[in-house]
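**Q** One structure, pasted below without further comment.
The values are calculated or read from the model by the stated rules, or taken from the named source; none is laboratory data. The structure displayed is predicted, hence computed values, not measured ones. Note that each Cβ is placed from the backbone with ideal geometry, even for glycine, and that neighbours are counted across all protein chains shown. Surface areas here come from the heavy atoms of the whole protein model, side chains and all, with no ligands, DNA or RNA. Shrake-Rupley method; radii C 1.70, N 1.55, O 1.52, S 1.80 Å.
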Amino acid sequence: MKKICLTVVGMYFMLLHAFSQVTQDSASYKPRKLKLDEVDLVSSYYTQNGDHSAVRGGIGSEKVTDLANGLELKWVNWDAHQRKNTLTAGIGIDHHTAASQAWISKTGASHRTDGLRIYPSLDWTRENEQKGTSFSLGAYYSNEFNYKSVGLNAGATKKTKNNGELGLKLSAYLDQVRLIYPSEFEPASAYLGPGGGERKHPDYGSTPRQTYTASFSFTQIINTRLQAAFLLDLVEQHGYLGLPFHRVYFTDATDSVEKLPSQRFKLPLGFRLNYFLGDRIILRSYYRYYVDDWGLRSHTASLEAPVKLTPFFSVTPFYRYYVQTAVNYFAPYEQHVKTDAYYTSNYALSAFTSNFFGAGIRLAPPKGILDTHLSTLEIRYGHYTQTTDLVSDVISLNLQFK
């Protein structure tokens with residue numbers, strides 16, 4: 001937790017200094033020039049433990065820790081046609097450790113990975129308030145030790161005459177998966193030592209993976225207290241959809257690398273319902289049904305209830321229930337047979353039920369916290385349990401500057 005605090009404090013003073021150079025405008029003034037409007041800083045710490053490591057074929061420690069920091073800057077201007085243009089630039093940096101990484105080598109020797117993920121993003125949105133329309137474009141990049149990803153997206157929304165809004169977003173993610181195999185399956189050509197005999201400086205190849213998504217949404221204000229939203233995603237994936245360092249052990253105790261189909265179609269259907277229960281309480285509910293052609297079916301139901309204790313201070317308890325079936329290709333340790341066409345012992349693809357619950361607190365005084373540009377401070381904590389015995393905790397801090 002000390003790492004989170006030091007990161008946040010340092011960036012906090014940096015942002016205060018930056019905002020002190022900007023003069024405040026009146027609420028009614030719409031600037032012509034692009035102006036820094038908002039800055040969001042998010043830090044989180046995640047830890048988990050379990051006993052079904054995919055690297056060891058469904059057994060062994062799943063202990064993971066992850067420290068994530070994200071910074072997002074938003075610029076706004078209005079053009080000559082009074083269209084609102086928003087440019088959002090973000091960067092995230094995660095550092096994680098996983099006990100299972102050492103077991104990519106069958107001896108348990110340390111496997112060198114940097115445990116660092118960097119993911120910048122850039123989004124532009126143009127909104128025409130008079131016509132009730134908006135259009136957006138975005139780009140994303142992610143790099144960590146076992147994959148690289150480039151993402152592109154485009155979206156549009158249109159308000160209806162009866163207080164509704166239609167939305168469409170198209171996105172594509174083009175990934176390169178590094179072929180890091182368990183030690184017993186690593187080809188000698190993966191090493192650049194003299195004559196291939198010195199096992200240093202691994203030069204892993206890579207293979208592509210593509211994901212294409214079309215997301216449809218419809219939101220409707222039913223009355224002054226009730227709002228609803230319907231969500232539909234069409235997701236198609238193809239390429240290498242497993243991970244080469246995930247082992248599978250067969251009934252005869254021999255092992256191999258997990259093998260999964262090279263195509264997958266996913267269909268999530270979602271429904272949101274928000275109800276304003278008086279001036280102090282909002283009930284936010286969500287349900288999602290998911291199905292894919294690997295045989296996985298799942299249900300998600302969640303509820304959170306922000307409660308305003310004062311006009312500027314609120315507490316938000318939340319709960320999420322999730323249940324899924326296993327994919328057709330899953331079996332536990334030493335339960336697969338060699339005649340299986342596809343096989344995996346990754347418990348993320350097994351049948352399980354999970355519960356996630358916690359609470360958040362939010363402070364947002366109208367003149368900022370301590371009369372500074374820090375407009376919002378939010379802290380959230382969540383505890384997660386899964387029937388595979390996986391347990392995790394996450395705590396996050398969000399600072400918003402205006």
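**Q** Excluding ligands and nucleic acids, what accessible area in Å² is computed for Val76 using a 1.4 Å probe, to the nearest 10?
**A** It works out to around 10 Å².
**Q** In addition: Specify the residue with the greatest mean-square fluctuation among Arg284, Arg247, Arg225, computed from a Gaussian network of the chain linking alpha-carbon atoms under 10 Å apart.
**A** Arg225
**Q** Turning to a different aspect of this structure: Ordered by residue, what ³J(HN,Hα) values in Hz, to whole numbers, does the range 167-181 give under the Karplus form 6.51 cos²θ - 1.76 cosθ + 1.60, where θ = phi - 60° and Gly and Pro are x?
**A** x, 9, 9, 10, 9, 9, 10, 10, 10, 10, 9, 6, 8, 8, 8
**Q** Report the Rg/Rh value for the range 273-315, based on alpha-carbon coordinates and the Kirkwood definition of Rh.
**A** 1.26
**Q** What number comes out for the charge environment of Val42, summing +1 per Lys or Arg and -1 per Asp or Glu over other residues with Cβ under 11 Å away?
**A** With Lys, Arg at +1 and Asp, Glu at -1, the neighbours total -2.
**Q** Take every Cα pair under 8 Å in the range 330-402 that's 6+ residues apart, average their separations, divide by the length, and report that relative contact order as a whole percent.
**A** Reported relative contact order: 26 percent.
**Q** Additional query: Leaving out ligands, DNA and RNA, and with a 1.4 Å probe, what % of the accessible surface on the chain is carbon or sulfur?
**A** 59 percent
**Q** Could you list the residues of the range 276-312 with an amide nitrogen less than 14 Å from a label point located 7 Å from the Cα of Phe357 in the Cα-to-C-beta direction?
**A** Only 302-305 pass the distance filter.
**Q** Hey, another quick one. Give, in nm to one decimal, the length gained when the segment between Leu234 and Tyr287 is fully stretched (0.36 nm per residue of separation minus the Cα-Cα distance).
**A** 17.4 nm
**Q** Karplus couplings for the range 140-153 from phi (6.51 cos²θ - 1.76 cosθ + 1.60, θ = phi - 60°), rounded to Hz, Gly and Pro as x?
**A** Using θ = phi - 60°, the values come out as 8, 9, 9, 9, 9, 5, 10, 6, 10, 9, 10, x, 9, 8 Hz.
**Q** What translational diffusion coefficient, to the nearest whole µm²/s, does the range 238-381 have by Stokes-Einstein, given a Kirkwood radius computed over alpha-carbon pairs, a temperature of 25 °C and 0.890 mPa s viscosity?
**A** Translational D for this selection: 131 µm²/s.
**Q** Count charges around Lys266 for me, please; just the other residues with Cβ under 13 Å from its Cβ, Lys/Arg as +1, Asp/Glu as -1.
**A** It works out to a net charge of -1.
**Q** Quick check: the angle from helix 2-19's long axis to the longest principal axis of the chain, C-alpha only, nearest 10 degrees?
**A** Helix 2-19 sits roughly 40 degrees off the main axis of the chain.
**Q** Considering Cα pairs under 8 angstrom that are at least six residues apart, work out the relative contact order of the chain and quote it in whole percent.
**A** 13 percent
**Q** Report the full-extension gain for the segment Arg126 to Ala172: residue separation times 0.36 nm, less the Cα-Cα distance, to one decimal in nm.
**A** Extra length available between Arg126 and Ala172 comes to 14.5 nm.
**Q** Now a separate question. What aspartates and glutamates does Lys35 reach when the alpha-carbon gap must be under 20 Å and sequence neighbours fewer than 8 apart in one chain are set aside?
**A** Asp25, Glu72, Asp79, Asp123, Glu127, Glu129
**Q** Can you pull the one-decimal nm distance between simple spin-label points at Ala139 and Leu152, each 7 Å off the Cα toward Cβ?
**A** Output for this residue pair reads 1.0 nm.
**Q** In this model, which of Lys74/Lys308; Lys63/Lys106; Lys131/Lys169; Lys158/Lys367 are farther than 23 Å apart at the alpha-carbon?
**A** Flagged as over cut-off: Lys74/Lys308; Lys158/Lys367.
**Q** State, in angstrom, two size descriptors of the chain derived from its alpha carbons: Rg to one decimal place and Dmax to the nearest whole number.
**A** Taking only Cα atoms of the chain, I get Rg and Dmax of 24.1, 75 Å.
**Q** Kindly report the accessible area of the chain per residue (heavy atoms of protein chains, probe 1.4 Å, no ligands, DNA or RNA), in Å².
**A** Accessible area per residue: 54 Å².
**Q** Where the only charges are on Cβ atoms (+1 Lys, Arg; -1 Asp, Glu), what is the dipole of the chain about its Cα centre, to the nearest 20 debye?
**A** It comes to approximately 1360 debye.
**Q** Please give, to one decimal in nm, the separation of the simple spin-label points placed at Ile379 and Ala301, each 7 Å out from Cα toward the Cβ.
**A** 3.2 nm
**Q** Additional query: Could you please report the charge total around Ser61, scoring K, R as +1 and D, E as -1 over all other residues with beta-carbon less than 14 angstrom from its beta-carbon?
**A** Here the count lands on -1.
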